[in-house]
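What follows draws every value from the coordinates through simple rules; no lab data is involved. Fair warning: this is a prediction, and the values are worked out from it, not measured in the lab. A quick note on method: Cβ atoms are made from the backbone with ideal geometry, for glycine too, and the neighbour counts reach across all protein chains shown.
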Amino acid sequence: MVFHCSNPTYICTVILKKRCVMKTVKNLIVATALLISAIGMANTATADFGKKVVKRYEVEKNLVKVNLDPVFIKKGQKVMMNLLNISQGKVLLKVYDSKNRLVFDEAIDGKVVVEKAFNFEQAFEGEYTIVVVDKFGTYKETMEVR
């Protein structure tokens, strides 16, 4: 018996395409399995020198505490003040002398970073108090002028 095939290349092309599609599907299944196993391994707790390590994908539950108090730096007879004003509200800066008299008064509004330098080189002898008032509280720093 002799079979006559009018289009043998067509049959071979279909078989080759089918094999190519099967290889692609097989590769995708293997890649998916590897990805799932990697995710599963990443979600398990690991031990590091006998201590349990926090999972890397977890969101940190304890927020970082940001110190919103002003920073005062004294250099000689000068005081530099720096305040992180995240609320961008009004910040009051006041300086009182030893007799509780107001020597300096300023209000700053709408700034994220409040910076101020106080120069006491020409001030009379005594103790001066720098007062910073913002939304979160009142802060004081004293400066002794001799």
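Label Arg146 and Thr129 with points 7 Å out from Cα along Cα→Cβ: what is the distance between them in nm?
2.3 nm
Name the residues whose placed amide hydrogens come within less than 5 Å of the amide hydrogen of Ser98, ignoring near sequence neighbours (fewer than 5 apart) on the same chain.
For Ser98, the qualifying residues are Glu127.
I'm checking a number: the convex hull volume of the Cα atoms of the stretch 63-136, normalised per residue, in Å³. What is it?
That works out to 97 Å³ per residue.
In nm, to one decimal, how far is the Ala107 label point from the Phe136 one, both placed 7 Å along Cα→Cβ?
Each label point is offset 7 Å from its Cα along the Cβ direction, giving 2.2 nm.
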